[in-house]
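Bear in mind these aren't lab numbers, they're just calculated from the coordinates by the rules spelled out. Just so we're clear, the structure is a prediction, and the values are computed from it rather than from any experiment. Cβ sites come from the backbone with ideal geometry, for glycine too, and all protein chains shown count toward neighbours.
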Amino acid sequence: MRKIIFHLAMVILVTAALYSPDAQASPTQGQETEEESHIWEHSSTNYETVHVGSHEFDYWKNFLRYSRTCDVSHKLMTVVYYCDVHDHTESETHIEEVVHSHKHN
Ligand SMILES: [Zn+2]
Ligand SMILES: [Zn+2]
């Protein structure tokens, strides 16, 4: 956590150094905070499994053909980023794995 704060402080210092010439210029009205660039910090990573559907599959047993239902679900990974400058979050979701409830061809 201390490392993150240090990193954040460094980013702010660098940003302040880059924008220092503007500080001497006459301040523009209202939209200064809107134009500040985002500082995204990794906030959390969440995993969840979502059922997306089901399908039938056939299999053979004792020379007879049977039909069964297989449930399909997606294992999702959501990464959340937090921007301290504007106090908002952004998230990205990726499908990590497609899971079938039954083994079949
Ligand atoms: Zn932002
Ligand atoms: Zn399946």
Find the residue count for the range 37-95, including only residues that are touching a residue at least 40 places away in the same chain (Cβ under 8 Å) and either of a type in the set (Asp, Glu) or on the phi > 0 side of the Ramachandran plot (or both). 3
I'd like to verify a number: residues in the range 51-105 that are in a strand (DSSP E or B) and either within 16 Å of ligand 2 (Cβ to nearest atom) or farther than 30 Å from Trp40 by Cβ (or both), how many? 28
Taking only the range 86-105 into account, find how many residues are within 16 Å of ligand 1 (Cβ to nearest atom) and either among the basic types (Lys, Arg) or in contact with a Ser or Thr (Cβ under 8 Å, 6 or more places away or on another chain) (or both). 4
Per the list (1) within 16 Å of ligand 2 (Cβ to nearest atom); (2) outside any strand (DSSP E or B); (3) polar (S, T, N, Q), residue check on Ser37 breaks on (1)
